[in-house]
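Quick note: the coordinates plus some simple rules give every number you see, no bench work behind them. Since the structure is predicted, the reported quantities are computational estimates derived from the model, not experimental observations. Counting neighbours? That spans all protein chains shown, and the Cβs are built from the backbone with ideal geometry, glycine included.
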Amino acid sequence: MFSTEFLDLPPLQTAAGTVHLPGSKSISNRVLLLAALSAGRTTVHDLLDSDDTRVMLDALRQLGCGVKRSGSTAHITGLDGRIAAPGPLKLFLGNAGTAMRPLTAALAVLGGDFELDGVPRMRERPIGDLVDALRQLGCSIEDLGQPGYPPLRIGRPQLRLDAPIRVRGDVSSQFLTALLLALPLVARQDIVIEVVGELISKPYVEITLSLLARFGVAVRREGWQRFTLPAGSRLQSPGEIHVEADASSASYFIALGAIAATAAPLRIEGVGESSIQGDIRFIDAARQMGAEVTSFANALEVRRGAWPLKAIDLDCNHIPDAAMTLAVMALYADGTTTLRNIASWRVKETDRIAAMAIELRKLGAQVEEGADFLRVAPPARWRPAAIHTYDDHRVAMCFSLAAFNPAGVHVRILDPRCVGKTFPDYFEALFDTARTDTPHIPVICVDGPTASGKGTLASQLAQTLGYHYLDSGALYRITGLAARRAGLALDTAHEQSIARLAATLPVRFEGERVILGGEDVSEAIRSEAAGMDASQVSALPSVRSALVELQQSFRRLPGLVADGRDMGTVIFPDAPLKVFLTASAARRAERRHKQLISKGIPAKIDVLRADLEARDARDTQRAVAPLKPAQDALLLDNSDQGIAESVAQVLGWWEDKQSFRHA
Ligand SMILES: Nc1ncnc2c1ncn2[C@@H]1O[C@H](COP(=O)(O)OP(=O)(O)OP(=O)(O)O)[C@@H](O)[C@H]1O
Ligand SMILES: Nc1ccn([C@H]2C[C@H](O)[C@@H](COP(=O)(O)O)O2)c(=O)n1
């Protein structure tokens, strides 16, 4: 997952390959709660691992439920309708509506002493209609803050089950879902639920009914107005259950295929058109806009059909979450798109109608918003934009698709980590399937003499920007080590043999570790002697040529920070930012001395200084790719600068080259 403050998306052009979708959030959290409340042990396969499922699992553990996880499988030992830890207990449910609403209902009918709360936005998400329904039933629920919103305190109920329970269905279908999931716990007699108002997001209620059936409870439904839980209903574990991949998450890749899969279809693994999730009907909307979608049992293939996409006017009540993706597809349409009946967007993770309108306008679109609709006309002129994401995963994911704009303007996604709610590796999946010409992939080069702090600076830049990192010196160090181990003298007489070694290095980078032929050589290549050997082999032209392609292969989306001696002059001459980092020899010797001593390696400062000056001399005087600043490099002497200052300086230079409008 990208945990950076922002993520810059360079212009993206096409898409291809296969994406494997994570499990559905809606199904995962329903299944977890049902498994926890039921009798027996349930093994849940393909469970989504995300912020929302984590808060649900934590809450279930606190309630005394047995939870064991291994990878995407969870083993839940159910409570069989009795809470092992009836409180007092405080449950923190983040911003997970799929945890807050059903847990409120389940705990309220079972009774105990519980306080349920979440992040500040959760305190703005209404729950009053559910609380009203539960109070009709005789549940004890106290508003601890603003009435009708979390936090809530739950006490012991005095249940009255004979009269129908009336619940509003026109604000959120989660209120009805919460009652349906909780009431089998107390179905000593038939329990009737009546929906007041037009029920929205019906497909989500269908998911609830179908999962209840898997747990042995057959709800009788009369239209979408009346639901009966038969007397004697009891939640019973099905033993094993598989979570379908998330159909709402599929929408970003269906849209990606429609916008950018020009040569071959994009394959989406995990859901097919027969999914039980309502958002799968996003496919119909995408087809209307021009996508060519083929469905398989558990996969989809999508490619671009009509281009530009066709503008649509659509009632989106049945696909409330996925419909946000349509708003971004509308940027690529041949006219104005109208998305109707989306009032529920206003009470989601953020006010999504307002958020989408503001951010789409930043890109240059003409947008009109109403209480329950959004109208989007594509930009006459695209503008680069920094997209505010409002701690809303869907805003972040759908706006990433704006990076395919034909004007090639850059898009910055602020707080990309918010995708952790449902699709932690969303951006990784996007970068695996998006394609762009290599020159579009940004590279920051940091060249300079030894111990100037290149590695420190470059790796911190990469971390801050979410870019890949290339320590090119490590490749010469590994080559030197491999040559020594092969018994080769590091001289021109052995140049071809060493070059052959370099071209076929069995090297792997695992985070900070360097693995050569299965052996961890991370420490071995860091010695001063290995640095000298690297300097020697790096003076051999054939060795340098042998390593060019490998170094250039590190240039991958979303970008690269590379450090070395010739990054800006030879390997990435088109890099948009080149930094030549220096510090006085005295200061560099001091730093190296400190570095070695801190690792328990004895060293003498004057010897280190002589060594690094010898290395500087060889690196700058060699015939091929000598150490020197590229013509367009910015010089940074950090002799009197700390690390943070150097990093801030270079980030400032990088920022000056960007053209984002900040919100
Ligand atoms: N601006 C700075 N101020 C003080 N110390 C620094 C600064 N930059 C780096 N250092 C320290 O100097 C030491 C050498 O830094 P680093 O390993 O990044 O240098 P390098 O240029 O990559 O060296 P080499 O080319 O030999 O790999 C490290 O201990 C690092 O923490
Ligand atoms: N792009 C590069 C990187 C490194 N070298 C050579 C010269 C250095 O002395 C040696 C070790 O590099 P370090 O790990 O200290 O950065 O490798 C080079 O020629 N070109």
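Based on the alpha carbon coordinates of segment 301-362, what radius of gyration and maximum Cα-Cα distance (Dmax) apply, in Å?
Over segment 301-362's Cα set, Rg and Dmax evaluate to 12.2, 34 Å.
With each label point set 7 Å from Cα along the Cα-Cβ vector, what nm distance links V196 and A493?
With each label placed 7 Å out from Cα toward Cβ, I get 9.6 nm.
Taking the DSSP beta bridges in segment 438-662 as the whole, what percent of them are antiparallel, to the nearest 5?
25 percent
Set the Förster distance to 30 Å, then compute FRET efficiency between F296 and S70 from the Cβ-Cβ distance, nearest 0.05.
Rounded to the nearest 0.05, the efficiency is 0.55.
Rounded to a whole number, what is D in µm²/s for segment 1-96 from Stokes-Einstein with the Kirkwood radius over alpha-carbon pairs (20 °C, 1.002 mPa s)?
140 µm²/s
Just want the ordering: V579, V19, V67, from fewest to most Cβ atoms lying within 10 Å of their own Cβ.
Ascending Cβ contact count within 10 Å gives the list V67, V19, V579.
Can you list residues from other chains, or at least 5 along the same chain, whose modelled amide H is less than 5 Å from the amide H of V196?
For V196, whose amide H was placed from the backbone, the distant partners under 5 Å are V167, R168, G169.
Work out how much length Q189 to S210 would gain on full extension: take 0.36 nm times their residue separation and subtract the Cα-Cα distance, in nm to one decimal.
Working it through step by step, the gained length comes to 5.4 nm.
Okay, which of segment 403-428 sit inside 16 Å, backbone N to the point 7 Å along the Cα-Cβ direction of L651?
Answer for segment 403-428: 413-417.
What's the Cα-based Rg to Rh of segment 246-307, Rh via Kirkwood?
Using only Cα positions, Rg/Rh for segment 246-307 is 0.92.
Hey, any idea what the orientation-averaged projected area of the convex hull of segment 192-251's Cα atoms comes to, in nm²?
Taking the Cα atoms of segment 192-251, their convex hull projects to 5.1 nm² on average.
Under a crude label model (7 Å from the Cα following the beta-carbon direction), how far is D113 from F509 in nanometres?
Result for the modelled spin labels: 5.6 nm.
May I ask you to list the residues of segment 339-367 whose amide nitrogen lies under 14 Å from a point 7 Å from Cα along the Cα→beta-carbon direction of D313?
339-341
When the convex hull of the Cα atoms of segment 220-339 is projected onto a plane and the area is averaged over all directions, what value comes out in nm²?
The orientation-averaged projected area of the Cα hull of segment 220-339 comes to 9.2 nm².
Tell me which trypsin sites (Lys or Arg not before Pro) from segment 294-388 have a DSSP coil assignment and no more than 13 other beta carbons within 10 Å of their own.
Of the trypsin sites (Lys or Arg not before Pro), the ones in loops of segment 294-388 whose Cβ has at most 13 other Cβ atoms within 10 Å are R381.
Rounded to the nearest 5, what % of the DSSP beta bridges within the chain are antiparallel ones?
55 percent
Computed from the mean reciprocal separation of all distinct C-alpha pairs, what Kirkwood hydrodynamic radius does segment 175-216 have, in Å?
In segment 175-216 this quantity evaluates to 11.2 Å.
Rg to Rh ratio, segment 25-242, alpha-carbon atoms and Kirkwood radius?
Ratio of gyration radius to Kirkwood radius: 0.92.
Quick query: amide H of V579 versus all other amide H atoms, modeled in the peptide plane; which residues come in under 5 Å with a sequence gap of 5 or more or a different chain?
Amide H to amide H, under 5 Å and 5 or more residues apart or across chains, V579 pairs with C445, V446, D447, L634.
Test of the criteria: in segment 273-371, which GluC sites (Glu not before Pro) are in a DSSP loop and have at most 16 other Cβ atoms within 10 angstrom of their Cβ?
Of the GluC sites (Glu not before Pro), the ones in loops of segment 273-371 whose Cβ has at most 16 other Cβ atoms within 10 Å are E273.
Subtracting the Cα-Cα distance from 0.36 nm times the residue separation, let me have the gained length for R121 to I358 in nm, one decimal.
83.4 nm
Take the residue pairs K90/K362; K362/K628; K90/K421 and return only those whose Cα atoms are more than 31 Å apart.
K90/K362; K362/K628
Taking each pair of distinct Cα atoms in segment 137-260 once, what is the resulting Kirkwood hydrodynamic radius in Å?
After inverting the mean inverse Cα-Cα distance, the result is 16.6 Å.
Could you please state, rounded to a whole Å, how far the C-alpha centre of segment 399-457 is from the C-alpha centre of segment 332-392?
After rounding, the separation between the Cα centres reads 24 Å.
Give me the dipole magnitude in Debye, nearest 20, for segment 25-242 about the Cα centre, with unit charges on the beta carbon: positive for Lys and Arg, negative for Asp and Glu.
With Lys and Arg at +1 and Asp and Glu at -1, about 360 debye.
Treat the count of other C-beta atoms within 10 Å as a stand-in for reagent exposure and order F554, F114 from fewest to most.
Least to most surrounded, the residues fall as F554, F114.
What relative contact order, as a whole-number percentage, does segment 25-242 give when Cα pairs under 8 Å and 6 or more residues apart are counted?
It comes to 20 percent, rounded to a whole number.
Give the span of segment 404-541's Cα atoms along each principal axis, as three whole-Å numbers ordered largest to smallest.
Sorted from largest, the Cα extents of segment 404-541 read 54, 31, 30 Å.
Starting from 0.36 nm per residue, how many nanometres of slack lie between K90 and D520 once their C-alpha separation is accounted for?
This chain segment gains 150.2 nm when fully extended.
Assuming R0 = 41 Å, what is the FRET efficiency of R618 and D284, from their Cβ-Cβ distance, to the nearest 0.05?
Calculated transfer efficiency: 0.05.
Starting from the Kirkwood Rh over alpha-carbon pairs, what translational D in µm² s⁻¹ does the chain have by Stokes-Einstein at 10 °C and 1.306 mPa s?
Estimated via Stokes-Einstein, D reaches 57 µm²/s.
Please list the three semi-axes, largest first and in whole Å, of the ellipsoid equivalent to segment 522-663, using sqrt of 5 times the eigenvalues of its alpha carbon gyration tensor.
Ellipsoid semi-axes (Å, largest first): 27, 22, 15.
Among F92, F296, rank each residue by its count of other Cβ atoms within 10 Å, from fewest to most, as a rough exposure measure.
F296, F92
Which aspartates and glutamates have a Cα less than 16 Å from the Cα of K657, not counting those fewer than 8 places away in the same chain?
K657 reaches D8, D574, D632.
Which value in deg cm²/dmol, rounded to the nearest 500, describes the helix-derived mean residue ellipticity at 222 nm for the chain, given -39,500 (n - 2.57) per DSSP H run of n ≥ 4 and division by the residue count?
-10500 deg cm²/dmol
Whole Å is fine, so just give me how far the alpha carbon centre of segment 1-31 lies from that of segment 237-301.
Their Cα centres are 14 Å away from one another.
Residues with amide H under 5 Å of G87's amide H, sequence separation 5 or more or different chain, H placed in the peptide plane at 1.01 Å from N; which?
D113
Quick check: Cα centre of segment 104-175 to Cα centre of segment 515-542, how many Å?
A separation of 64 Å, based on Cα centres.
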